Amino acid sequence: MSNSAPIEIVATRGGVVESTHQVHAVIAGPDGVATHVFGQADRPTFPRSAIKAMQALPLVESGAARAYGLSPAELALSCASHEGEEFHVGAVGAWLTRLGLTEEALVCGPQWPRRLDDQATLIREGQQPVRRHNNCSGKHSGMLTTALHLGDPVRHYQDRRHPVQQRIFAAIGEMADVDLSDTPFGIDGCSAPNPNLPLSAVAVAAARLAEGDTGRLGATRAEACRTLCHAMQAHPEMIGGTERVDTDLIRASGGRILSKTGAEGVYVVYLPERKLGIALKAEDGASRASAAALWSVLDTLGLLDDGIRTAMTGHCRPPLRNWDGLVTGQLLDAREL
């Protein structure tokens, strides 16, 4: 195992380091062994939206996805933090209609779309954002689907004690080899509970989802892992959206790299071909730092081909500009100075 200091990401101005970020990162295999550690492998971490694919496991393995005829695009949406673009919002609406529910069943709050063009469209039409616009509305639609299929109450499905969340926490704990039955949890921005895990455990869980091995996980869970990976590979536009880092990376890699951002500088990456998982956490919660550190980790693994470099430069090595468009600095790994 390679163990080193945290990845140091710097922002320069005029060729001088102005700001510094520390990013912890772990690369691990499905056997539970970390192959590379940068910083603290055991750092307690709320993985936030970066583990949405793991939260979607009960949706598939319970048979709920099949029972309600969910398409690969909808399964990808269950793993997504989408932009709130029209095709995202429309897909969530159609999904809820098929469930016989309105968007009022969603407990994730209304959220403005991320893109200015989509915000402007709502404003021109005199509308306000609704719950379907929330970046987590796909995940929540998946939770509602599971509840309906298994006969659980729809109300309060976000409560940690609700059967929907009990199954999700059990699945994540089993994937990560961590007993989550009595561990601290937090409430995410979308009102769903989020487990607290060592960073290395997140990486191991990601590796197991990426591998999807029947011998290790059992036939039902392994098939669920492979189904979700295939959905993300087939529909990267659902995972984020236009000019979003996850969508661009999945596309540029041809689905070989499945990535998912999370709030507070968290990043989880699934590498099905390599059977590896990656988990990153920026110490100060800066998303620009975790994206920049991801470039360094992918480079360590020899995964930065020309296509990925072209697609990801703007996300991971962006020039820093002022309001007049003048380049004033750069975001870099300190080792690149």
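Restricting the calculation to Cα positions, tell me the Rg (one decimal) and the Dmax (whole number) of the chain in Å.
For the chain, the Cα radius of gyration and maximum Cα-Cα distance read 19.4, 61 Å.
Stretched out fully, how many nm does the piece from Arg160 to Arg13 gain, at 0.36 nm a residue minus the Cα gap?
Numbers: separation 147, 0.36 × 147 = 52.92 nm, distance 4.54 nm.
Working it through step by step, the gained length comes to 48.4 nm.
Using θ = phi - 60° and the Karplus curve 6.51 cos²θ - 1.76 cosθ + 1.60, what whole-Hz ³J(HN,Hα) does each residue of region 21-29 get, with Gly and Pro shown as x?
10, 10, 10, 8, 8, 9, 10, 9, x
Counting only the backbone N, which residues of region 1-22 are under 12 Å from the spot 7 Å out from the Cα of Glu283 toward its beta-carbon?
5-9, 20-22
Can you work out ³J(HN,Hα) from phi for every residue in region 102-107, in order, using Karplus 6.51 cos²θ - 1.76 cosθ + 1.60 and θ = phi - 60°, giving whole Hz and x for Gly and Pro?
9, 5, 5, 6, 6, 9
All other residues with a Cβ under 13 Å from the Cβ of Arg132 taken together, and with Lys, Arg as +1 and Asp, Glu as -1, what is their net charge?
Details: positive: Arg131, Lys139; negative: Glu83, Glu85, Glu86, Glu103, Glu104, Asp118.
So the surrounding residues net to -4.
State the percent of C-alpha pairs, over all pairs in region 1-126, separated by a distance greater than 25 angstrom.
More than 25 Å apart: 52 percent of the Cα pairs in region 1-126.
In terms of Cα to Cα distance under 15 Å, which aspartates and glutamates are near enough to Lys260, apart from those fewer than 8 places away along the same chain?
Glu83, Glu237, Glu243, Asp246, Asp248
So how strong a dipole does region 19-110 carry about its Cα centre when Lys and Arg Cβ are +1 and Asp and Glu Cβ are -1, to the nearest 20 debye? Show your work: numbers first, answer last.
Working: 5 positive and 9 negative charges, 42 e Å.
Value, rounded to 20: 200 debye.
Can you run phi through the Karplus equation (6.51, -1.76, 1.60; θ = phi - 60°) for region 162-179 and list ³J(HN,Hα) in whole Hz, with x for Gly and Pro?
Using θ = phi - 60°, the values come out as 5, x, 4, 6, 4, 5, 4, 5, 5, 5, 4, x, 5, 5, 9, 6, 10, 7 Hz.
Fewest first, what order do Met238, Met143 take by the number of other Cβ atoms within 10 Å?
Working: Met238 27, Met143 30.
Taking fewest neighbouring Cβ atoms as first place, the list is Met238, Met143.
What is region 128-235 by shape, rounded, prolate or oblate, if you read a ≥ b ≥ c off the alpha carbon gyration tensor as root eigenvalues and call it rounded for a/c under 1.5, prolate for a/b larger than b/c, and oblate otherwise? Intermediate results must be reported in sequence, preceding the final value.
Details: a/c = 1.56, a/b = 1.30, b/c = 1.21.
Note, shape of region 128-235 comes out prolate.
For region 300-331 and region 5-43, write down the distance between their C-alpha centroids in whole Å.
18
If each DSSP helix of 4+ residues adds -39,500 (n - 2.57) and the sum is divided by the residues in the chain, what number results at 222 nm, nearest 500 deg cm²/dmol? Walk me through the numbers before you get to the answer.
On the way: 15 runs with 141 residues, N = 337.
Theoretical 222 nm ellipticity from helices: -12000 deg cm²/dmol.
Starting with the highest mean, order 145-158, 272-285 by the number of other Cβ atoms within 10 Å, averaged over the residues of each peptide. Let's see the in-between values first.
On the way: 145-158: 17.5, 272-285: 21.7.
Put in order of decreasing packing, that is 272-285, 145-158.
Only the coordinates and a few stated rules stand behind these numbers; no lab work does. Please read all numbers here as calculations on a predicted model, not as lab measurements. All Cβ positions, glycine included, derive from the backbone under ideal geometry; neighbour counts span all protein chains shown.
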